[in-house]
Amino acid sequence: MSNRFSGKNVVVIGGNSGIGLAAARAFAQQGARVVITGRVPQTLHSAAQEIGHDAIAIRSDIGDLGQITALFTQLGPQLGHIDVLFVNAGIGAFQAIEKVTEQDWDNIHDINLKGVFFTVQQALPLLRTGSSIVLTGSIGALKGIPTGSVYAASKAGLRALGRCFAAELVGKGIRVNVVSPGPTDTPIIGRTGGLPPQAIPAIREQMIRNTPMHRMGTPEEIAAAVLFLASSESAFVTGIDFLVDGGAASF
């Protein structure tokens, strides 16, 4: 196993399941000191045990600015600095235009967009030259999907943040990139707002049919792209949107 991240401090926001957990596990296996965050204490505890390597789990809600500030206030003395910040926390929601409420809009954007912005802002004092930021986007930002308008808008905004962050931080030696998964087999599918549980199997089948590779991606496949973007192997890469989607957004 490679030790690309030996001696590195890695913080995974939303690291207690799915892509975040797969990435945190891979970072730890490659030598990193890993901190994960999430909103549910039980899943955080089990995720930290699964990751091993003395992973640290901290309960923190990316949708709450006060908790974001408290997180990095705690991490300052605990870590000293951050080498990799992977902002993965997010929610999916699919609702017809007529059914979207202001609360729906605010909830999705507070987590998927506002929370991402202020997470990076609060982490900046701990990032140093050579650090890397990776944000989890979505091919939903690139495609017109019925009932996906609010989610897509949040992820399109995140993509814009990635470009602007990259441009603003390049002079400080900090790289910023977005990884945009296509249909991926993670627990978020079952937590997608606006869809009854009995509709999930049909949605999965539709996703598979609409993906040129005719399958869903795995969290580990997305994590591999995240680790590439976070490592020195991508030292000349910043500001990109790395599609890991089985061709779904391209043809």
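The values are calculated or read from the model by the stated rules, or taken from the named source; none is laboratory data. Just so we're clear, the structure is a prediction, and the values are computed from it rather than from any experiment. Neighbour counts are summed over all protein chains in view; Cβ atoms, including those assigned to glycine, are modelled from backbone coordinates with ideal geometry.
Here is a check on your reading of the model: is I208 on the phi < 0 side of the Ramachandran plot, modelled with pLDDT under 90, of a type in the set (V, I, T) and not in a strand (DSSP E or B)? The answer is no for I208. The single condition among (1) under 22 Å from D61 (Cβ atoms); (2) in a loop (DSSP other than H, G, I, E, B); (3) aliphatic (A, V, I, L, M) that I111 does not satisfy is (2). Can you pull out every residue in the range 207-244 that is among the acidic types (D, E) and under 15 Å from the mean Cα position of the chain (by Cα)? Scanning the range 207-244 gives E220, E221, D241.
Restricted to the range 27-51, and to residues there that are of a type in the set (A, V, I, L, M) and within 20 Å of E221 (Cβ to Cβ), the residue that is surrounded by the most Cβ atoms within 10 Å (Cβ to Cβ) is I36.
Candidates I174, I222: the one that is of a type in the set (V, I, T) and farther than 19 Å from R128 by Cα is I222. Taking the range 193-234 as the range and being free of Cβ contacts under 8 Å to residues at least 40 places away in the same chain and in contact with a Lys or Arg (Cβ under 8 Å, 6 or more places away or on another chain) as the test, the residues that pass are I208, M216. Of all the criteria given as (1) touching a helix residue (DSSP H, G or I) at 6+ places or on another chain (Cβ under 8 Å); (2) modelled with pLDDT under 95; (3) farther than 30 Å from N210 by Cα, the one not satisfied by Q95 is (3).
Sub-8 Å Cβ pairs linking a first residue in the range 12-28 that is more than 9 Å from T186 (Cβ to Cβ) and among the β-branched types (V, I, T) to a second residue that is in a loop (DSSP other than H, G, I, E, B) and at pLDDT 95 or above, at least 6 apart or interchain, are V12/N88; I13/S60; I13/I62; I13/N88; I13/A89, ordered by first then second residue. Residues of the range 87-99 that are in contact with a strand residue (DSSP E or B) (Cβ under 9 Å, 6 or more places away or on another chain) and among the aliphatic types (A, V, I, L, M): V87, A89, I91, A93. Output the residues belonging to the range 79-107 that are more than 20 Å from the chain's Cα centre (by Cα), assigned to a helix (DSSP H, G or I) and surrounded by 11 or more Cβ atoms within 10 Å (Cβ to Cβ). Across the range 79-107, the qualifying residues are L79, D104.
When you look at S149, is it crowded, with 21+ Cβ neighbours inside 10 Å and at pLDDT 95 or above, yes or no?
no
For the criterion of being of a type in the set (S, T, Y), touching a residue at least 40 places away in the same chain (Cβ under 8 Å) and surrounded by 19 or more Cβ atoms within 10 Å (Cβ to Cβ), T69 fails. Got at least one residue in the range 16-26 being among the charged types (D, E, K, R) and crowded, with 23+ Cβ neighbours inside 10 Å? The answer is yes; a qualifying residue exists.
Being free of Cβ contacts under 8 Å to residues at least 60 places away in the same chain, within 15 Å of the chain's Cα centre (by Cα) and crowded, with 16+ Cβ neighbours inside 10 Å is a condition met by at least one residue of the range 123-133.
When you go through G173, G217, G194 one by one, which is the residue that is farther than 19 Å from D245 by Cα and at pLDDT 95 or above?
G173
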